[in-house]
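The values are calculated or read from the model by the stated rules, or taken from the named source; none is laboratory data. All values derive from a computational prediction rather than experimental measurement. All Cβ positions, glycine included, derive from the backbone under ideal geometry; neighbour counts span all protein chains shown.
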Amino acid sequence: MDLFSNFKSAVTPAFPTDDDSLTKLYDVEPYTAFSEDLEFMWRWTIYRDQKLVQEGCSLSLDASRRAVDHVLAFFSVSNRSQARGE
């Protein structure tokens, strides 16, 4: 029996529209980040060129902002390293 046969493929969420009730946390090319209040947690998503690259959850909107800032800081360092050929 294949170990992964019980897992269903998750559908990647589409880039949000203005009709979605989301809080925009960040919007500087090429990244955009949103947070959604699910009442028991905040779900945050980060898109690069309108494609999902990272998602997570936090207990508050402020914690979502900090998490997104942390991930974007990592992406920035990673992008600079790649540009230098490291």
TODO: Would you confirm whether any residue within the stretch 24-36 is among the β-branched types (Val, Ile, Thr), surrounded by fewer than 14 Cβ atoms within 10 Å (Cβ to Cβ) and within 19 Å of residue 79 (Cβ to Cβ)?
DONE: yes
TODO: Return the pairs, sorted by first residue and then second, in which the second residue is of a type in the set (Gly, Ala, Ser) and in a loop (DSSP other than H, G, I, E, B), the first residue lies in the stretch 14-40 and is farther than 15 Å from residue 71 by Cα, the beta carbons are less than 8 Å apart, and the residues are 6+ apart or on different chains.
DONE: 36/21
Open item on the list: Being of a type in the set (S, T, N, Q) and at pLDDT 65 or above is the filter here; which residues of the stretch 1-30 pass it?
Closed with: 12, 17, 21, 23
Open item on the list: What are the pairs with Cβ atoms under 9 angstrom where one residue, in the stretch 49-67, is within 16 Å of residue 29 (Cβ to Cβ) and without any contact (Cβ under 8 Å) to a residue 40 or more places away in the chain and the other, located anywhere, is surrounded by fewer than 13 Cβ atoms within 10 Å (Cβ to Cβ) and of a type in the set (A, V, I, L, M)? Sequence gap at least six, or different chains.
Closed with: 50/14
- [ ] Looking at (1) under 15 Å from the mean Cα position of the chain (by Cα); (2) basic (Lys, Arg); (3) at pLDDT below 95, find the lone condition where residue 80 falls short.
- [x] (1)
Task: Those residues of the stretch 45-86 which are within 25 Å of residue 17 (Cβ to Cβ), part of a helix (DSSP H, G or I), out of contact with any Leu (no Cβ under 7 Å at 6 or more places or on another chain) and of a type in the set (Val, Ile, Thr), in sequence order - done: 71
